[in-house]
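To keep things clear, I will list the structure first and then write my remarks on it.
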Amino acid sequence: MRRFCPSLTDLQAFEVAARYSSFTRAAQELCVTQGAVSKQIKHLEQFVGVQLFLRIRQGLVLTDAGRSYLKQVQAGLSLIEAATMELIAHQGRGGRLQLTCMPTFGARWLIPRLSEFRRLRPDIQVEFLPHRQGYDFSVPELDAAVRFGEGMWPGSGADYIVGREVLPVCSPKLMPGGCEDPAALLRLPLLHHTSALEGWRDWFEKAGCATRRTLEGARFDQYSLLSQAAAAGFGIALIPRCLIEDELRDAKLIVPLHLPIRARQGYYLCYPEQKAGQPTLQAFRRWLMEVSRAAEPEPTPDGSQGATALK
């Protein structure tokens, strides 16, 4: 089906003329005559059926419709230019993968492992877009996102990575000898992540120690802050093991009670369904799933995890 789209030449003439507010300067940049630019703008206005410029003695002034259209045209031309430059740079091989990622997960888990992906696929450039762009897959440049949740997001594919293996942790000064009873943890203030407020309730229920105190305590919006608060002795926190491997190794945090309990939420690689077949995304997914299985093996029927079983 033929797309309802004006010619690229007309759109380029419109964008340059709007940028300079002048047909003359637009013609100089495009290396054509002023008459050619004027004709292209007129052709574009006839195509869309809307006046885009007011012609005044001092030059050109965009109409309200023209100003709104300009923003979208500039975005579209930028995308075409970027895609063309990428194609030229990679000559059809590899490419670029743009994603957003939860800050703590990116810094603590994903980025330290990316060097291996770069070694395997040097032709694919992984770029992190600002996290504030979130998970809006209507933004054309966003290819994938790392999200935290239960793995169900309408319109998105979702592959589990890691994060469901959670541990109660605290400063070694608070419980130097550990404990054997889940109820003993309630002697300490409970610390929470704002995106996993049901975490402690689920954990105590699975540990066979239901309590109404699971929503008490301070809340933090990032696991990096939560782990720092726990290490500083604010209380006991429930944190995915994958985010605190360094703190556990260095004994800045300890696990006072080892129980093989898995949370409902974890980290997922999400992507728009229409991009699932994108070669760069497929390559990244395959690598990430292999790394995921090595980092957090599936639990066995007895609740252990093979070589990484909790002791």
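Only residues that are in contact with a Ser or Thr (Cβ under 6 Å, 6 or more places away or on another chain) and open to solvent by 80 Å² or more (accessible area, probe 1.4 Å) were counted across segment 197-212, and they come to 1.
Note on segment 89-104: residues that are assigned to a helix (DSSP H, G or I) and at pLDDT 85 or above total 2. None of VAL162, VAL169, VAL139 is open to solvent by less than 70 Å² (accessible area, probe 1.4 Å), assigned to a loop (DSSP other than H, G, I, E, B) and over 15 Å from TYR267 (Cβ atoms) except VAL139. Residue pairs whose Cβ atoms lie under 8 Å apart, separated by 6 or more positions or on different chains, with the first residue in segment 4-18 and under 16 Å from GLY49 (Cβ atoms) and the second open to solvent by less than 50 Å² (accessible area, probe 1.4 Å) and outside any helix (DSSP H, G or I), are PHE14/LEU52.
Between LEU215, LEU226, LEU257, the distinction of being out of contact with any Lys or Arg (no Cβ under 8 Å at 6 or more places or on another chain), open to solvent by 10 Å² or more (accessible area, probe 1.4 Å) and touching a residue at least 12 places away in the same chain (Cβ under 8 Å) belongs to LEU257 only.
For segment 174-196, the set of residues classified as under 36 Å from the mean Cα position of the chain (by Cα) and open to solvent by 50 Å² or more (accessible area, probe 1.4 Å) consists of LEU174, PRO189, THR194, SER195, listed by residue number.
Which of the residues belonging to segment 40-88 are hydroxyl-bearing (Ser, Thr, Tyr) and at pLDDT below 90? Residues satisfying the conditions are SER78, THR84. The set of residues in segment 220-245 that are out of contact with any helix residue (DSSP H, G or I) (no Cβ under 9 Å at 6 or more places or on another chain) and over 21 Å from PRO176 (Cα atoms) contains only ASP221.
The single condition among (1) surrounded by 14 or more Cβ atoms within 10 Å (Cβ to Cβ); (2) modelled with pLDDT of 95 or more that ILE111 does not satisfy is (1).
The values are calculated or read from the model by the stated rules, or taken from the named source; none is laboratory data. These numbers were taken from a predicted model, which means no experiment stands behind them. Cβ coordinates were reconstructed from backbone atoms using ideal geometry, including for glycine residues, and neighbour counts include every protein chain displayed. Remember, those area values only see protein heavy atoms, side chains included, never the ligands or the DNA or RNA. Shrake-Rupley method; radii C 1.70, N 1.55, O 1.52, S 1.80 Å.
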